[in-house]
Amino acid sequence: MARLSKGDLHSSVSDPVLDTMTFLNEVTLRYPDAISFAPGRPYDGFFDTEQIFGYLRGYLDNEAARGSSPERIRTLMYQYGPVAGQIRDIVADWLRTDERIDVAPESVVVTVGAQEAMLLVLRALVGGPEDAVLVASPSFMGITGAARLLDIPVTPVPEGPDGYRRDALEAAIERERARGRRPRAFYVIPDHSNPSGTTMGLRDRTELLELAARHDLLIVEDSPYRLVSPG
């Protein structure tokens, strides 16, 4: 019977960056009274287990109010659903109301956390070695870990004391083009960036969008903390 060892697997399996989140979560569990900003874990004290039942009841009542039959609701709860998720219309309403982003539900993909989203985005955007992905540096290890799993090299774009720097991004774009590569996207955390902690101002956001349009560059925005951010 053949034995399987790490040496027989993809080299990313042994990459230390993939164990980083596991390490951070283990530290948090071992020292529950410590406040760690590293893994981006929400504060447990804000949770109430009983609220889970209220959320489920609210979802079921909403479906019933929209005309779903008991059989339809049962199917929604217990059967396989659409690959892209079955609450896309709810997410689209939230984006329209809170973010002023008007997007069709069909354009929304619900994933199991940001890590799956990063894998899907990277796999879809990078068609070959001629495509480059730019990543703000320092950055969340999740994006570099996802890229490592897919054998996609990322190009770091150094941040300044206030976060994103236009000159650094434009220089990275020009370097990649000089190498014969096509900059496809720029990954950035505009709100309370992890690990730098910086938040991008309105002027910088507008400037970044203008730069992206000028260079035909997509923006991969990772903003898990906006919903809990004052202002």
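The values are calculated or read from the model by the stated rules, or taken from the named source; none is laboratory data. These figures come from a predicted structure and were not determined experimentally. Quick reminder, even Gly has a Cβ in these numbers, built from the backbone with ideal geometry, and neighbours come from all protein chains shown. Remember, those area values only see protein heavy atoms, side chains included, never the ligands or the DNA or RNA. Shrake-Rupley method; radii C 1.70, N 1.55, O 1.52, S 1.80 Å.
Put +1 on the Cβ of each Lys and Arg and -1 on the Cβ of each Asp and Glu in the stretch 132-231; which of H192, A147, P158 then has its Cα farthest toward the positive end of the dipole?
Going by the charge dipole, the pick is A147.
Just the projected area, averaged over all directions, of the convex hull on the alpha carbon atoms of the stretch 169-218: how many nm²? Present the calculation step by step, with values, prior to reporting the outcome.
Numbers: hull surface 15.0 nm².
Averaging across all directions leaves 3.7 nm² for the Cα convex hull.
State in Å² the accessible area per residue of the stretch 12-162; use a 1.4 Å probe, count heavy atoms of protein chains only, and round to the nearest integer. Kindly include the intermediate steps, with their values, before the conclusion.
Working: 10330 Å² over 151 residues.
In whole numbers, the stretch 12-162 has 68 Å² accessible per residue.
Using only the alpha carbons of the stretch 65-111, what is the convex hull's orientation-averaged projected area in square nanometres?
Details: hull surface 15.7 nm².
If you wrap the Cα atoms of the stretch 65-111 in a convex hull and average its projections, you get 3.9 nm².
Which order do the peptides 51-62, 137-148 come out in when sorted by mean C-beta neighbours inside 10 angstrom, highest first? Mind dumping the intermediate values first?
Values: 51-62: 11.2, 137-148: 20.3.
Order by mean packing, descending: 137-148, 51-62.
Would you work out what percent of the accessible area of the stretch 181-231, with all protein chains in place, is carbon or sulfur (probe 1.4 Å)? Walk me through the intermediate numbers first.
On the way: 1620 of 2930 Å².
Of all accessible area on the stretch 181-231, carbon and sulfur atoms account for 55 percent.
Where does the Debye-calculated log10 I(q)/I(0) of the stretch 114-179 sit at q = 0.13, 0.17, 0.23, 0.28 Å⁻¹, using only Cα point scatterers of equal weight, no solvent?
Debye intensities relative to I(0), on a log10 scale: -0.37, -0.63, -1.03, -1.23.
Whole percent per 5 Å bin, from 0 to the bin with the longest distance: what is P(r) over all C-alpha pairs of the stretch 156-196?
Over the stretch 156-196, the share of Cα pairs per 5 Å bin runs 5, 22, 31, 19, 14, 7, 2 percent.
Report the accessible area of T97, computed with a 1.4 Å probe over the heavy atoms of all protein chains in place, in Å² rounded to the nearest 10.
T97 exposes around 110 Å² with every protein chain in place.
Can you give the relative contact order of the stretch 79-231 as a percent, counting alpha carbon pairs under 8 Å and 6+ residues apart?
Details: 180 pairs, mean separation 29.3, N = 153.
It rounds to 19 percent for the stretch 79-231.
What figure, in Å² to the nearest 10, do you get for the accessible area of V109 with a 1.4 Å probe and non-protein molecules left out?
Accessible area, nearest 10 Å²: 90 Å².
Let me check I've understood the local charge: for P82, count other residues with C-beta under 13 angstrom from its C-beta, Lys and Arg +1, Asp and Glu -1. What total comes out?
Details: positive: R88; negative: D89, E106.
Residues close to P82 contribute a combined charge of -1.
Could you size up the charge dipole of the chain around its Cα centre, putting +1 on the beta carbon of Lys and Arg and -1 on that of Asp and Glu, and report it in debye to the nearest 20? Intermediate results must be reported in sequence, preceding the final value.
Values: 25 positive and 34 negative charges, 101 e Å.
In debye, rounded to 20, the chain gives about 480.
Any idea how far the Cα center of the stretch 69-102 sits from the one of the stretch 210-230, in Å?
24 Å
Under 5 Å between amide H atoms, partner at least 5 residues away or on a different chain: which partners does T155 have, H built in plane at 1.01 Å?
V133, L134, V135
As an exercise, take the mean of 1/r over every pair of distinct alpha carbons in the stretch 25-136, invert it, and state the Kirkwood radius in angstroms. Don't skip to the end; give the middle numbers.
Details: mean 1/r = 0.0555 Å⁻¹.
Kirkwood hydrodynamic radius for the stretch 25-136: 18.0 Å.
Stick to the Cα atoms of the stretch 94-231, pair each with every other, and give me the Kirkwood hydrodynamic radius in Å at one decimal.
On the way: mean 1/r = 0.0635 Å⁻¹.
Computed over the stretch 94-231, the radius equals 15.7 Å.
Looking only at the chain, where both bridge partners belong to it, what percent of the DSSP beta bridges are antiparallel (to the nearest 5)? Intermediate values should be presented prior to the final figure.
On the way: 1 of 15 bridges.
For the chain, the DSSP antiparallel bridge percentage is about 5.
Ignoring solvent entirely, what values of log10 I(q)/I(0) come out of the Debye formula for the stretch 1-59 at 0.12, 0.17, 0.23 Å⁻¹ when each Cα is a single scatterer?
The Cα Debye sum returns log10 ratios of -0.57, -0.77, -0.95.
Please go through the stretch 19-110 and write out the GluC sites (Glu not before Pro) that DSSP classes as loop and that have at most 11 other C-beta atoms within 10 Å.
Numbers: sites: E26, E50, E63, E71, E99, E106; in loops: E50.
Those satisfying the criteria are E50.
Using 7 Å Cα-to-Cβ label points, what is the L120/S11 separation (nm, one decimal)?
According to this spin-label approximation, the distance is 3.0 nm.
Volume per residue, Å³, of the convex hull around the alpha-carbon atoms of the chain?
Per-residue hull volume (Cα only) is 202 Å³.
For an R0 of 22 angstrom, estimate the FRET efficiency from the Cβ-Cβ distance between R182 and R203 and round to the nearest 0.05.
On the way: r = 28 Å, r/R0 = 1.28.
FRET efficiency, R182 to R203: 0.20.
Quickly work out the S69-to-R3 label distance, labels modelled 7 Å from Cα along the C-beta direction, and quote it in nm with one decimal.
5.8 nm
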